[in-house]
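The values are calculated or read from the model by the stated rules, or taken from the named source; none is laboratory data. This structure is a prediction, so every number in the text was calculated from the model and none was measured. Please note: Cβ atoms are built from the backbone with ideal geometry, for glycine as well, and neighbour counts cover all protein chains shown. Remember, those area values only see protein heavy atoms, side chains included, never the ligands or the DNA or RNA. Shrake-Rupley method; radii C 1.70, N 1.55, O 1.52, S 1.80 Å.
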Amino acid sequence: MVNKNTESSFSERPEKKDFIRQIIDKDIESGKYDGRVHTRFPPEPNGYLHIGHAKAIVVDFGIAKDYNGLTNLRFDDTNPTTEDVEYVDSIQEDIKWLGYDWEDRLFYASQYFDKFYEYAQMLIKKGLAYVCSLSLEEIKEYRGTVKEAGKPSPDRDRPAQESLALLEGMKNGDFAEGQYTLRAKIDMAHPNMKMRDPLIYRIRHAHHHQTGDKWHIYPMYDFAHCLEDSIEGITHSLCTLEFQNNRALYDWFLEALDLYHPQQIEFARLELSHTVTSKRKLKELVDKEIVDGWDDPRMPTLCGLRRKGYPAEAIRNFCEDVGLAKRNSTVELALLEYHVRQVLNKSALRMMGVVNPLKVVITNYPEGKDEWLEAVNNPERPEDGTRLVPFSRELYIEQDDFMEDAPKKFFRLSQGREVRLRYAYFITCHDIIKDENGKIIEIHCSYDPETKGGNAPDGRKVKATMHWVSAQHAKQVEVRVLNNLFSEENPNKKEEGKTFIDYMNPNSLEVISNCFVEPELAKAKAGVNYQFERIGYFILDSRYSSPERPVFNRTVTLKDAWAKIKKK
RNA sequence: UGGGCUGUCGUCAAGUGGUAAGACACAUGGUUUUGGUCCAUGCAUUCCCGGGUUCGAAUCCUGGCAGCCCAGCCA
């Protein structure tokens, strides 16, 4: 749990422990694994990490850290046809960014291929594995169904010597892909489908990103994974729920080979509302150029969220807050956004920027004059100090901050009404200038010189304080307003004739090019979050922004009470 | 003719036989030079449903129901 109040973290209220930590507590008490805790994060390098992986990373690294244990990063690279070094690089970058360190424990499943081969030979010698000549279709047919027992392969009783020789041939590339497989001899009538003589090796004449062309056979997940864990001395092998059926196999291989036996524990994967995390769907968005890459700021990938301006700390806090259980669940995006705002509220510098400008002329302010007024950089952190913002006769305010026929609950600027321009003056609107179509193009106001800095000496109050920028001093920038990629809460839901693409939000990206920001923001630094006061948090886009032409991504809005009132 | 897992507030989630934590969301008030933050208050007489055991059940037993996963030479 994340403590809202940092003071209270000193109190010794007992932390609620999730079921995995409860298991580990018992293991430590009983002396299992000599009190060690050693986990691993084992991604297959076949795609970019996303918010769902973030939970696994926080669980794997976080739990080990809680027990002064260790965590390995291990690439589970047993299928060369889907993998690429592009991914092994991006995965490392994303884990580091998230704030975790595997130190010198970076491993590859492929570095154990020789050992795996020896273990396979041992299995054959023990009569627990055989080379099978059934085709893909036949294997499927022989496996039976969920309700009917399978039948044994005709090769099931192939003599060990023969299997050994055939396996050697497979390894040497003597056979075509699909011609033979190595299978574990378990039980073709087993109620758990995973146990019906599962494959151990398949032939793949493929180039591997780590081992090159050395191998013509590659091990299957179920055979490899338990061995990887065992070799590395993992104590608790944490994975997601869909591997529950695989645990029997995990245990079977380790028992059959009489090896050190880590404990596999499954937990529910993280699903987020209004987004998709399936690799296939994410890839489709990239391939169809619906987004501009894996790091498009609307994507739930870690690189996308980073580009959008989500702080790593917020993602970590979110994952911890979501909790750990065995129940399939979908967390609302609102919780993630809450944590983003929570972190950014404390850290982001406040600035003034007008996204949808409306020109204001202060008719009683001298032409050609300007004043530099002091503004607070972050009220949550006084040590961030103050800066100067220029004020002059012509300004921009937000279009939403002016309304001609304002309802009662609208507190902002309207004809005859007085408001405060933050850190500047009280102004009152007198005239509205419209074009021939009746569109408001400019408003005329007067200011009260006595209210400099924003305080009225006579103590009179205003109902609104608004942000603004001086027209002649402002920097024109582009703002990319990022909204949910999907308008549907659950884009994975299945409806007649619809795919997840049909649930996309047509307005997930709005590019606004004529925005104006205060001079200080013209110096905005890459990778730094800023709050545009009263609007939201923004960050320079790492792809499209340049010093001449800054481009800001909207990370998240501020909560907006007026928007709610307006809806009613 | 199956096996594994799971059902507690809109969404997550504690609870492990002693009388339903917490967070987000939502609502209402207070503070405020951000309709932000912050603060306060409210928000499950009831835990998928039925039966049973017990002084006492979300927790134990029993019978249902619902959802997710498994029939890749993917992980």
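For the pair the stretch A:109-162 / the stretch A:438-487, the C-alpha centres are spaced 73 Å from each other. Here the 3J(HN,Hα) profile of the stretch A:137-151, calculated from phi with Karplus coefficients 6.51, -1.76 and 1.60 at θ = phi - 60°, is 5, 5, 4, 4, 5, 5, 6, x, 10, 4, 9, 10, 5, x, 10 Hz, Gly and Pro shown as x. Remark: chain A carries 48 Å² of accessible area per residue (probe radius 1.4 Å; ligands, DNA and RNA excluded). FRET efficiency for the A:Arg269 to A:Lys65 pair, using the beta carbon distance and R₀ = 22 Å, is estimated at 0.55. Of A:Lys346/A:Lys525; A:Lys409/A:Lys463; A:Lys279/A:Lys498; A:Lys16/A:Lys308, which ones are farther than 21 Å apart at the Cα? Pairs exceeding 21 Å: A:Lys16/A:Lys308. For chain A, the longest principal axis of the Cα atoms and the long axis of helix A:160-172 meet at an angle of about 40 degrees. For A:Ile63, the accessible area of its heavy atoms, probed at 1.4 Å with every protein chain present, is near 0 square angstrom.
Report, for chain A, the % of DSSP beta bridges that are antiparallel, rounded to 5. DSSP beta bridges in chain A are roughly 65 percent antiparallel. Using only the alpha-carbon atoms, how far is helix A:247-256 inclined from the longest principal axis of chain A? Give it as 0 to 90 degrees, nearest 10. It works out to around 40 degrees. Only lysine pairs 8 or more places apart or on separate chains count here, and in the stretch A:88-190 those with Cα atoms under 19 Å apart total 9. Under 5 Å between amide hydrogens, built in the peptide plane, is the criterion, and for A:Asn72 it picks out A:Thr39, A:Arg40, A:Phe41 among residues at least 5 positions away or on other chains.
Based on the Cβ-Cβ distance of A:Glu489 and A:Asn514, what FRET efficiency does E = 1/(1 + (r/R0)^6) give at R0 = 30 Å, to the nearest 0.05?
Details: r = 33 Å, r/R0 = 1.11.
Step by step, r from the Cβ atoms, then E = 0.35.
Counting heavy atoms of the protein chains alone, A:Glu103 has an accessible area of about 120 Å² for a 1.4 Å probe. For A:Leu509, the residues whose amide H sits under 5 Å from its own are A:Asn483, ignoring neighbours fewer than 5 places away on the same chain, with H placed 1.01 Å from N. State whether the stretch A:207-283 is rounded, prolate or oblate according to the following rule on the C-alpha gyration tensor (a ≥ b ≥ c being the square roots of its eigenvalues): a/c under 1.5 gives rounded; otherwise a/b larger than b/c gives prolate, and the remaining case gives oblate. In terms of gyration-tensor shape, oblate. Using R0 = 30 Å, the C-beta based FRET efficiency linking A:Trp97 and A:Asn507 works out to 0.55. Spin-label pair A:Ile565-A:Asp157: with each label point 7 Å from Cα along the Cα-Cβ axis, the two points sit 8.5 nm from one another. Between 0 and 90 degrees, rounded to the nearest ten: what's the tilt of helix A:333-347 against the longest Cα principal axis of chain A? Once rounded, the angle reads 60 degrees.
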